[in-house]
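*Asks:* Okay, here's the structure, questions in a sec.
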Amino acid sequence: MSEGFESNPFADPEAGRAAGRNAGAGKSAENIIDDFNPFAVDQFANQPIPVSQQPAIMQPSAPEHPPPYSYAPTTSTAASVAATKSVTDDLQRRQEELDRKAAEIERREKELAGRTVLSSARVDNFPPLPSWFPIKPCFFQDFNLDIPAAFQKIVRAHFYYWIAYCLLLFVNVGIALGSLVTQSVYGSGTTFGLSILYFVLFTPCSFVCWYRPAYKAFRSDSSFNFFFYFFVFFIQFCAHIIQAIGIDGSGTCGMINGIQSTNANMVVGILMIVVGILFGCCAAVSMILLIKVHRIYRSSGASFSKAQQEFAQGVWSNRTVQQTTVNIASSAAQQAYTDVRH
């Protein structure tokens, strides 16, 4: 009866069973503690570890990579990219052009500086006269030293053209003499006399008036010398045309007087026609050289105002001009003072 009253009719039977198990586990744990010997070695070494007491181990999973990114540009995006690339290419091309021009300017400045240093030590060497000759050379000429490498070819062409023109004037004197001897054309005496004058006069004048300005223009990049060369060389071109025509008594053998001479002397007439053709070739060559120099001049950035400035600086820096100006001003002031006193 006592056991019947001690039991709880309302208790959970599962809770009672769990309490019984806990009591049993407590007794087993007490037995283990009572049997534990601290001086024994590896009492529990061979006892298996319950599976439930092993630590949990997480297995690493394989990393998942995101799907590859695919870019599909639209029409507007492609157009903007193309425009940006075009602008970038244009800027790069301009930068390369500026770098090239800067390098060219630097190179020319170095060449001018080197020529300035050597200018004090150079001696006139043209025309190449012997040392015993009483007349000494009047000009210094060295293409490799004075002229930039890019313009040496055109300057040499002018020099060779000047030599050919001088030889043609000499040949003209000889053919005019033949015309005078054979009396093949009217006014042959005048033609012969003027041919000698042209040879003596035009040989040095052509060198000084258009070859040296061209030489100095390319040597120092002088706008004034370029303009002077253009003016005189165009006159030279017109003179070649007149010389090729061969007017009677004009001093040159050409087409007209050559054709007339064929009636009296065929050989002299043909030679005069050949000289006229050579003068025509000189006119063609002079026009070609004039066009080439003008293109170089236009690409160098020179202008008429720059030529005026160079002319003004050259005139006012000349000591003779300065002294003459001072003398004129002094004389005018003295004359004015004298007039005032009287």
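Where a number appears in this text, it was derived from the coordinates with a stated rule and is not lab data. Since we're looking at a predicted model, the values are computed, not measured. We place every Cβ from the backbone using ideal geometry, glycine too, and count neighbours over all the protein chains shown.
*Asks:* Just need the Rg to Rh number for region 187-242, please, alpha carbons only, Kirkwood Rh. Mind dumping the intermediate values first?
*Replies:* Details: Rg = 14.1 Å, Rh = 12.4 Å.
Dividing the radius of gyration by the Kirkwood radius yields 1.13.
*Asks:* Full extension from Glu96 to Cys138: what is 0.36 nm times the residue separation minus their Cα-Cα distance, to one decimal in nm? Numbers along the way, then the final one.
*Replies:* Numbers: separation 42, 0.36 × 42 = 15.12 nm, distance 4.42 nm.
Difference between extended and current length: 10.7 nm.
*Asks:* Quick check: residue separation of Thr182 and Lys85 times 0.36 nm, minus the Cα distance between them. What number comes out in nm?
*Replies:* So the chain would gain 27.0 nm between Thr182 and Lys85.
*Asks:* Can you give the convex hull volume of the alpha carbon atoms of region 176-292 per residue, in Å³? Show your work: numbers first, answer last.
*Replies:* Details: hull volume 9.6 nm³, N = 117.
Looking at region 176-292, the number lands at 82 Å³ per residue.
*Asks:* Determine the gain in length on full extension of the stretch Ile163-Phe231; use 0.36 nm per residue of separation and subtract their C-alpha separation, reporting nm with one decimal. Could you put the intermediate results ahead of the total?
*Replies:* Numbers: separation 68, 0.36 × 68 = 24.48 nm, distance 2.05 nm.
Computed gain between Ile163 and Phe231 is 22.4 nm.
*Asks:* Taking R0 as 35 Å, what FRET efficiency do you get between Ala150 and Val200 from their Cβ-Cβ distance, rounded to the nearest 0.05? The partial results should precede the final answer.
*Replies:* Values: r = 36 Å, r/R0 = 1.03.
Working from the Cβ atoms, E equals 0.45.
*Asks:* Can you tell me what the convex hull of the Cα atoms of region 95-253 projects to on average, as an area in nm²? Walk me through the intermediate numbers first.
*Replies:* On the way: hull surface 49.3 nm².
Reported value for the Cα convex hull: 12.3 nm².
*Asks:* Based on Cβ point charges of +1 for Lys and Arg and -1 for Asp and Glu, what charge dipole magnitude is obtained for region 131-253 about its Cα centre, in debye rounded to the nearest 20?
*Replies:* Values: 6 positive and 4 negative charges, 48 e Å.
The calculated dipole for region 131-253 is roughly 220 debye.
*Asks:* Would you mind getting me the FRET efficiency between Ile247 and Ile288? Use the beta-carbon distance for r and R0 = 30 Å, nearest 0.05.
*Replies:* Numbers: r = 25 Å, r/R0 = 0.84.
That pair, Ile247 with Ile288, gives E of 0.75.
*Asks:* Report D for region 224-283 in µm² per second (integer): Stokes-Einstein, Kirkwood Rh on Cα pairs, 10 °C, 1.306 mPa s.
*Replies:* Details: Rh = 12.0 Å.
Estimated diffusion coefficient is 133 µm²/s.
*Asks:* Turning to a different aspect of this structure: Once the other residues with Cβ under 13 Å from the Cβ of Ala83 are scored (Lys, Arg +1; Asp, Glu -1), what is the net sum? List each step's numbers first, then the result.
*Replies:* Values: positive: Lys85; negative: Asp89, Asp90.
The answer is -1.
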